[in-house]
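Below is one structure, written out as C-alpha cells, with a few remarks after it.
The values are calculated or read from the model by the stated rules, or taken from the named source; none is laboratory data. Since the model is a prediction, treat every value here as computed from it, not as a measurement. We place every Cβ from the backbone using ideal geometry, glycine too, and count neighbours over all the protein chains shown.
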Amino acid sequence: MSLPLGPRLRRALDRLEAAGEPLPVDELARRLLALRAPVPALLARRLVATALGCGAEGLPERLDLRALPRLLAGPGAEVDLEDADWIAVDLETTGLSTASAILEIGAVRGVGLRMVDRFQTLVDPGVPIPAAITALTGIDRGAIGGAPPISRAIAAFRAWVGDRPATAFAAHNAAFDAGFVRRAFAAHGLAPWPGPVVCTRRLARRLLPGLPRYDLDTLCAQLGIANAWRHRALGDAEAAARALVELVERARVLRGLRSLGDLLDLQGSRTRKGRRSRPPVGPPKS
C-alpha cells in the first residue's frame, strides 16, 4: 500500500508540494527530513524511498510530488480501468483508535466494472466488545463463537487477496481500513498489499461536488445503491464496491479517464475549494 506516512512527513510533503516545483531527490530528502547538511545521492534515494514506501530504483532524478500517486502505483498505473484489479474492503472493529481490534473482515474483488468474488469472516478479537459496537453492528460474544483469532483470519484474508501486481485496495474513507489492514499484515509477518489505495469518498468529492455529505449512506442514496447489511463488513464492502463501479464509470464518461493512474491523479487532485486530498493513511471511519 502506498504512502504509509506519519503526520509529520505528510505535513512536510504538503508544504513542499505547495511550492509547486519538482525537486532533485537529494534536495527532497534534505527538506523532507529537515536535515541541515546535504545528503549523498545514494543515501538520499534510499531515505526518500523508505519515507514514501516505494523502491529506490523507481524514483526519477527530479520528483514532482503531484505525480506521487501514479509513480507509487508503478506499472499498474498504466492498466486500463476496464481491466484494473481492485478489492473493496470494509472492517468492523471494536473502536476507532489504532489500538482497536478487528471484529469482521468483508471484501469484494473486482475486475474493471465487474465484481467477481467475495470474502467474509468474523474475528474473535480476544478482548471485550463494547456495548456501543454491538448496538451498531449486532456483533456480540455469541456471534463470534467459533470465529478465528486475528492471526488466522488475517492470514486467510491475505491468501485470498493474492499477489497479483497493482491490485488496488478500495474502501470508503479508505484511510481507516487501509491503516488497520496494513498494521495487521505487518504484525503477523504477512506481505504488504500489492497495489495502491483508492478511496470512494475522495473520488465522490471530485465527481459529485454538490452532495451535502460524503458518508457512505449519502453516497449510496445518491447513486441508488441499496445496502441491507449496513455496519456489517461484507454489506458495506459490497456498497463501496458498487459505488466504486459507478464512480469509475462517471470518471470515464465525464472526465475521459482511461487508466488506474488517471484515477489516482483525480483522487489526489484539488477540490473546488482548493484543498488537495491527502494520501489515505489513518482514521477516522464513517
Return yes or no: is S286 farther than 22 Å from G179 by Cβ, at pLDDT below 95 and among the hydroxyl-bearing types (S, T, Y)?
no
Pairs needed: first member in the range 94-113, closer than 26 Å to L81 by Cα; second member anywhere, surrounded by fewer than 15 Cβ atoms within 10 Å (Cβ to Cβ) and of a type in the set (A, V, I, L, M, F, W, C); C-beta distance under 8 Å; at least 6 residues apart or different chains.
R109/V116; G110/V116
Six or more apart or on different chains, Cβ under 7 Å: which pairs go from a residue in the range 25-50 that's of a type in the set (D, E) and at pLDDT 85 or above to one that's part of a helix (DSSP H, G or I) and surrounded by 21 or more Cβ atoms within 10 Å (Cβ to Cβ)? Could you list them?
D26/A44
In the set V123, V116, V197, V181, which member is assigned by TED's automatic domain parsing to the domain that holds D90 and either aromatic (F, W, Y) or more than 26 Å from L247 (Cβ to Cβ) (or both)?
V123
Restricting the search to the range 235-273, which residues are over 17 Å from the mean Cα position of the chain (by Cα), in contact (Cβ under 8 Å) with a residue 40 or more places away in the chain and part of a helix (DSSP H, G or I)?
G235, E249, R250, A251, R252, L254, R255
Would you tally the residues in the range 125-150 being out of contact with any Ser or Thr (no Cβ under 7 Å at 6 or more places or on another chain) and in contact (Cβ under 8 Å) with a residue 40 or more places away in the chain?
6
Please count how many residues of the range 115-157 are closer than 30 Å to R205 by Cβ and part of a helix (DSSP H, G or I).
6
Being small (G, A, S), surrounded by 13 or more Cβ atoms within 10 Å (Cβ to Cβ), closer than 30 Å to V79 by Cβ and touching a residue at least 24 places away in the same chain (Cβ under 8 Å) is the requirement here; does A184 meet it?
yes
Selection over the range 203-218 where residues are closer than 15 Å to A240 by Cβ and either modelled with pLDDT under 95 or not assigned by TED's automatic domain parsing to the domain that holds T167 (or both) yields a count of 0
Only one of (1) surrounded by fewer than 18 Cβ atoms within 10 Å (Cβ to Cβ); (2) modelled with pLDDT of 75 or more; (3) within 19 Å of the chain's Cα centre (by Cα); (4) within 23 Å of L266 (Cα to Cα) does not apply to S97, and that is (4)
If we scan the range 58-70, do we find a residue that is in the same structural domain as L247 (by TED's automatic domain parsing), in contact (Cβ under 8 Å) with a residue 40 or more places away in the chain, surrounded by 14 or more Cβ atoms within 10 Å (Cβ to Cβ) and under 25 Å from E246 (Cβ atoms)?
no
Farther than 18 Å from A88 by Cα, within 17 Å of the chain's Cα centre (by Cα), not acidic (D, E) and not in a helix (DSSP H, G or I): which single residue out of A170, A191, A186 fits that description?
A191
Among the residues of the range 151-158, is there at least one that is surrounded by fewer than 16 Cβ atoms within 10 Å (Cβ to Cβ) and of a type in the set (D, E, K, R)?
yes
Checked pairs for the range 151-162, first closer than 14 Å to A191 by Cβ, second polar (S, T, N, Q) and assigned to a loop (DSSP other than H, G, I, E, B), C-beta under 8 Å and 6 or more apart or across chains, list as V161/T167
Restricting attention to the range 100-114, report how many residues are assigned to a strand (DSSP E or B), surrounded by 15 or more Cβ atoms within 10 Å (Cβ to Cβ) and out of contact with any Pro (no Cβ under 9 Å at 6 or more places or on another chain).
7
Suppose we filter T137, T167 for residues that are closer than 29 Å to R70 by Cβ and among the β-branched types (V, I, T); which single one remains?
T167
